[in-house]
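The values are calculated or read from the model by the stated rules, or taken from the named source; none is laboratory data. Predicted model only: the values in this text are computed from it and were never measured. Cβ atoms come from the backbone with ideal geometry, glycine included; neighbour counts cover every protein chain shown. These accessible areas exclude ligands, DNA and RNA; they are computed on the full protein's heavy atoms, side chains included. Shrake-Rupley method; radii C 1.70, N 1.55, O 1.52, S 1.80 Å.
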Amino acid sequence: MQYVTLNDGIQMPLMGYGVFQITDALQCEQCVKDALEVGYRLIDTAAAYHNEEAVGAAIHSSGISREDLFITTKLWIQDAGYESTLKAFDASLKKLGLDYLDLYLIHQPFGDYYGAWRAMEKLQKDGLIRAIGVCNFSPDRLIDLCMNSETTPAVNQIEIHPFYQQNDALQIMDEFGVKPQAWGPLSEGQKNIFNNKLLKSIAAKHERTVAQVILRWHIQRGVIIIPKTVHKERMVENMNIGDFELTEPEMQSIATMDIGHSEIIDHHCWCTAKQLNGLKIHE
């Protein structure tokens, strides 16, 4: 397992396992158990995924030392604000059955995320969170937060894949010392990516799968990844990318796949802001 050093000195695995859309508790618990057995040590969940308890159950039954794990969860918009963030964090920690978090992220760039950020800074100072960061923050919002806060986000988890490569965002993150993490690193299978001719030709040269080529592309760009699968054999496949390397011409050819925008979600659209703010995860 390769690691990256965050701006607060914390070591974070470059590859983890994400549990987005695994809503069945028993299935989620089994998937996390499988991921840990395979060798994953970074597990990424969120309050909005409604599976923190299942993740916690898998962690506790794994027998793996807590210090060997890197656990991430996220704060939903509904709970943004100083006091409500403190309460939401406590609720997530209890559901996970943990004494501390390795990484706590603001899930969306909406609501009172400045109040939330101040609360997260306090929780970090109190030793309850090792690193704090954000999700889905565009370069302008990230810069604003960086330049108006005591603590620079350690991570910005955003949509990154060959069809949406986020070059400008990655450049800004590098400038401010924020590590990029990709959600949907395999583009959620859109645009028939696993049958893409270019990626298939590169995969054939390396005797690898298209998924392995894409994940290797992320790693060589320094992007942290959390591919999701409910199949144990694919968990193994996704991890087995450390013994080959894409050439510079191959990296450049993949760069031509970028369409420059998301076809999954547009965080700049008013309808997205309305929809996400209207999503309540608890009473």
For V236, what is the net charge nearby, where nearby means another residue's Cβ is under 12 Å from its Cβ and Lys, Arg count +1, Asp, Glu -1? -2
Give the residues of region 82-117 whose amide nitrogen is closer than 18 Å to a point set 7 Å from the Cα of H50 in the direction of its Cβ. 92, 95-96
Enter the per residue convex hull volume of region 152-283, computed from alpha-carbon coordinates, in Å³ rounded to the nearest integer. 146
Subtracting the Cα-Cα distance of Q27 and Q171 from 0.36 nm times their residue separation yields 48.1 nm
Leaving out ligands, DNA and RNA, and with a 1.4 Å probe, what % of the accessible surface on region 74-199 is carbon or sulfur? 47
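Using the Cα centre as the reference, give the magnitude of the dipole from point charges on the C-beta atoms of the chain (Lys, Arg: +1; Asp, Glu: -1; all else neutral), rounded to the nearest 20 debye.
For the chain, the charge dipole is close to 360 debye.
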Mean accessible area per residue over the chain (1.4 angstrom probe, all protein chains present, square angstrom) is 45
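Report the gain in length on full extension from D112 to K232: 0.36 nm times residue separation, minus Cα-Cα distance, nm rounded to one decimal.
Going from the current span to full extension adds 39.3 nm.
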Can you work out the PRE-style zone for D140? Point 7 Å along Cα to Cβ, and I want the residues of region 259-276 with backbone N under 11 Å. 268-269
Would you give the gap between the C-alpha center of region 1-68 and the C-alpha center of region 253-283, rounded to a whole Å? 24
Do me a favour and compute the ellipsoid semi-axes for the chain from its Cα gyration tensor, root of five times each eigenvalue, largest one first, whole Å. 29, 23, 18
Enumerate the residues in region 101-127 having an amide nitrogen under 12 Å from the point lying 7 Å beyond the Cα of A91 toward its Cβ. none
Compute the long axis of helix 197-206 from its Cα atoms, compare it with the longest principal axis of the Cα atoms of the chain, and write down the angle in degrees, 0 to 90, nearest 10. 80
